[in-house]
1. Take G187 and tell me if it is farther than 16 Å from T123 by Cα and either not aromatic (F, W, Y) or not in a loop (DSSP other than H, G, I, E, B) (or both).
2. Do you know which of the residues in segment 29-84 that are of a type in the set (A, V, I, L, M) and outside any helix (DSSP H, G or I) is surrounded by the most Cβ atoms within 10 Å (Cβ to Cβ)?
3. Find the residue count for segment 170-192, including only residues that are under 22 Å from R100 (Cβ atoms) and surrounded by 13 or more Cβ atoms within 10 Å (Cβ to Cβ).
4. Which members of segment 220-245 meet the condition of being modelled with pLDDT of 90 or more, among the charged types (D, E, K, R) and either buried (at least 16 other Cβ atoms within 10 Å of the Cβ) or in contact with a helix residue (DSSP H, G or I) (Cβ under 8 Å, 6 or more places away or on another chain) (or both)?
5. Can you report the number of residues in segment 183-194 which are under 15 Å from the mean Cα position of the chain (by Cα) and of a type in the set (D, E, K, R)?
6. In the set L37, L55, L68, which member is hydrophobic (A, V, I, L, M, F, W, C) and free of Cβ contacts under 8 Å to residues at least 24 places away in the same chain?
7. Identify all residues within segment 193-219 that are among the small types (G, A, S), surrounded by fewer than 19 Cβ atoms within 10 Å (Cβ to Cβ) and assigned to a loop (DSSP other than H, G, I, E, B); write none if there are none.
8. Which of the residues spanning segment 93-105 are surrounded by fewer than 24 Cβ atoms within 10 Å (Cβ to Cβ) and not basic (K, R)?
Amino acid sequence: MQRLEEVQALLQRWYEISMVTYKANPSCETTRCNMVLFHIISLNGVSSFPEIERLARREGLNGTLWELSMRHKLCIFSPEEAVFHCGQIMRFIRAMPSDRRPCWWSAAVYRATLILWASTVTTPNPTLQTALQVRNSSSSPVSSDVDEERRQESTASKDHSLVDASIVIDQVTPEDPCLIRYLWSGGKGIIMVTRRDGRTVGLESPTAILNYGIGVIDEGFTSRIGDGIKRKLASLNTHWRVESPDVPVAPGMA
């Protein structure tokens with residue numbers, strides 16, 4: 001715990017120094033790279049990328065909603081902070097000219113995309129709940145009661161979020177009032193990202209997130225690494241077969 005606190009203190013100091021430089025020269029590509037690295041390292045404290053990659057490979061999944069929700073806790077420790085850091089990674093990378101980006105920029109996009117995907121695919125939603133209940137009609141009464149309770153909580157939360165402000169995480173700065181409210185209110189708000197054509201897309205659909213990540217890579221220069229990552233994201237979408245816009249079919253459910 002002491003070691004973690006020391007790392008967090010150093011990260012905060014790094015952030016403060018980088019922000020001073022960034023505000024003095026917002027167009028400095030080196031400072032933007034530093035900010036991307038800061039947010040990537042910060043993600044290590046609020047998520048487990050090895051666990052997320054295990055989830056992407058569907059290792060150890062039994063195809064139930066309960067299992068997915070449990071994997072969420074293993075993959076992402078602080079969902080709001082993880083979403084924030086992913087959004088900032090995208091914001092700084094997309095602000096760089098394609099020919100001035102570091103050689104590892106597409107890997108950073110991949111990591112942020114996969115974390116956003118994991119956050120969505122492991123968060124219960126009513127549509128996914130219905131699909132899994134139909135396929136798991138033999139589940140125990142106790143499990144059904146728990147699932148029904150979670151469905152009602154998820155539905156109530158979704159209805160309440162409709163009155164909350166939209167937060168375009170790859171456009172807003174850390175000082176944005178809506179973003180601050182999202183972070184301090186336990187995730188109240190409608191999280192969105194910006195597509196290449198300027199339109200915003202919500203993060204309710206795992207497929208939409210993966211397509212967004214592919215689109216961000218398409219915005220940059222063509223490289224072997226970038227092409228490989230695009231194929232990997234497309235393969236992930238196929239691996240987690242989608243039967244409707246936001247219902248991923250977990251293993252054993254097909």
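1. no
2. Here the answer is I76.
3. Number of matching residues: 2.
4. Scanning segment 220-245 gives K230, K232.
5. Number of matching residues: 0.
6. L37 is the lone residue from the list that is hydrophobic (A, V, I, L, M, F, W, C) and free of Cβ contacts under 8 Å to residues at least 24 places away in the same chain.
7. Listed by number, the list holds a single entry, G198.
8. Those that are surrounded by fewer than 24 Cβ atoms within 10 Å (Cβ to Cβ) and not basic (K, R): A95, M96, P97, S98, D99, P102, C103, W104.
The values are calculated or read from the model by the stated rules, or taken from the named source; none is laboratory data. Every value quoted in this text rests on a predicted model; they were computed, and no experiment measured them. Cβ coordinates were reconstructed from backbone atoms using ideal geometry, including for glycine residues, and neighbour counts include every protein chain displayed.
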